[in-house]
Every structure is written in structure tokens, then in C-alpha cells.
Amino acid sequence: MTKDVHKIHSLSGYTFITRESLPEEDSSVTARLRRLETQFEESGIRRSVEAIMLVDVHGFPHVLVLQVANAFYKLPGGYLDPSESDADGLITRLNEQLGIPPDANLTTKENKESKKAHVITPLSQSWEVRDCVSTWWRPNFDTFFYPYIPAHISQPKECKKFYLVELPPNKTFAVPANMKLHGIPICEFYDNAARYGPQFAGIPYILSKYTFVKGAIPKAPEDAPPVPIKGVFLPE
């Protein structure tokens, strides 16, 4: 039995710039759960999708994770509209969170140089949504998710799916000013639910079926100025 192959590329092929802040929709956990209850009454179970995106750092796969306001960690993604498919909705959420807005005003020297140094991949080709690797269920109007539907639950309130998303060799990420984009090695999540929660702690297990193949190290255009890699924070 052969493992599935997933290609990952060097972190050096990516550039990170800063864009405007993306405020959270809810001011508190209580407000978030209240909105979930309202949406459930209107349209039924909520569907959400999140992306597991990997980069190569010193020969080891790292997961790109957002940290909001120096507090909690989350995978890029979000809630789906009732009419959206998983793949199309996930691409839309990724473009909203980490894509360069069409009307972006890249005024700083760093941002201008970043834009010159790397080809900005068209939005439709920036993210390749591949396998659904994990499904989590929220049985009640609370914060707990489980990788199964408890036997006594007939109407779960939310279904969250993790998808493996393949990145192109070159890409510019526009990180919201109120967030940080971390590159966290897969091994950091293993048996570490106390810090990252059970969903993150399960990532090493669900990715163990894959063989990671490193892509060629991309080169910036010859006339582009050297740009330092900024925006991704590696654990010390």
C-alpha cells in the first residue's frame, strides 16, 4: 500500500505583506454562540471549512496557522454560505483572509518590493483544494467539537471540515494587521492539545498517510530587489 503524495515548497518562495485588519465578527465567545443559534434557527446546521497548508522549512513540513490578536490560533478558512460548495467556499475564504485585495494600496517600501519580487498568482490558481482529511462536529451551542456525532445527537449545530490545500511554488500572502501567520512544525502539534486544542493535536495523525515531496526552490525575477522573508513566525 503506497502513501498519497503531497508536494510542498520552500518557505523562501513566499512573500508576506501587511494588509488592513480583519475584525472578528463577534466580540466574545458568548456573542459567537448566540449568532450560531440564530443562524441554526434560520438555515440549519452551519458548515465551515479550514485549510491545512504546508511549507518546507529546513527539510521539514510546517503548517501555516493564523494567530488572532496575539491570542488563539486558527487555521485559515471560515463559515460557508448555504449555497457554496466546500472547495469554492474555502478558496473564497482564503482570498478574503490572505489574498491581496484588488484595491490594495501597497504604499510602504516593503510592500512595493514584495509585489515586485514575486509573481502574484491569479486568485483562481492560488490554492488547490485537495483531500478532506478531517471532519469535526459541534453537537450543541457550546465550544466543543468532536470527530464524530454523539449517539444521542440528532441535529448537530455545526460541521467543520479540514482540507489539505496545495500551494504554488511562488505566492504573496497579504496578512491582516491584527493577525500573525505562523509556520508551525507538524511535530509541535503532536500530543499538545493543552496548548493548541484537540483539533490541532490531531493534525500529525491525519497527515501521517502522506509522503511529502519537496518542490524545486523557486527563484525571484533577476531584476527584482532582494526582499527578506517577513510575516511568518517560526517557533524558537
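Bear in mind that the values in this text are calculations on the coordinates, not laboratory data. For clarity, every value in this text was computed on a predicted model and none was experimentally measured. Methodologically, a virtual Cβ is constructed for each residue, glycine included, from the backbone with ideal geometry; neighbour enumeration extends over all protein chains shown.
Calculate the length of the line joining the C-alpha centroid of region 20-85 to that of region 150-194, in whole Å.
8 Å
Loop only per DSSP, at most 15 neighbouring Cβ atoms within 10 Å: give me the trypsin sites (Lys or Arg not before Pro) in region 3-58, ordered by residue number.
Here the trypsin sites (Lys or Arg not before Pro) that fit, given the DSSP loop and packing criteria, are K3.
Once phi is turned into θ = phi - 60°, what whole-Hz ³J(HN,Hα) does the Karplus curve with 6.51, -1.76 and 1.60 give for every residue of region 197-204, x standing for Gly and Pro?
So the Karplus estimates, Gly and Pro as x, are x, x, 5, 5, 5, x, 4, x Hz.
Test of the criteria: in region 68-105, which chymotrypsin sites (Phe, Trp or Tyr not before Pro) are in a DSSP loop and have at most 10 other Cβ atoms within 10 angstrom of their Cβ?
Here the sparse-neighbourhood loop sites are F72.
Can you work out ³J(HN,Hα) from phi for every residue in region 148-162, in order, using Karplus 6.51 cos²θ - 1.76 cosθ + 1.60 and θ = phi - 60°, giving whole Hz and x for Gly and Pro?
My calculation for region 148-162 gives 7, 9, x, 4, 8, 9, 9, 9, x, 8, 8, 10, 10, 10, 9 Hz in order.
Using the Cβ atoms and a cut-off under 10 Å, what net charge is assigned to the surroundings of D86, where Lys and Arg are +1 and Asp and Glu are -1? Intermediate results must be reported in sequence, preceding the final value.
On the way: positive: R47, K161; negative: E84, D88.
Taking every other residue near D86 into account, the sum is 0.
For region 1-46, which GluC sites (Glu not before Pro) are in a loop by DSSP, counting at most 13 other Cβ atoms within 10 Å?
Filter output for region 1-46: E20, E24, E25.
Among the listed pairs K157/K209; K74/K180; K171/K209; K74/K160, which are separated by more than 22 Å between their Cα atoms?
Over 22 Å Cα-Cα: K157/K209; K171/K209.
Please list 188-197, 144-153 highest first by mean number of surrounding beta-carbon atoms within 10 Å per residue.
Numbers: 188-197: 14.0, 144-153: 11.5.
Ranked from most to least packed, the peptides come out as 188-197, 144-153.
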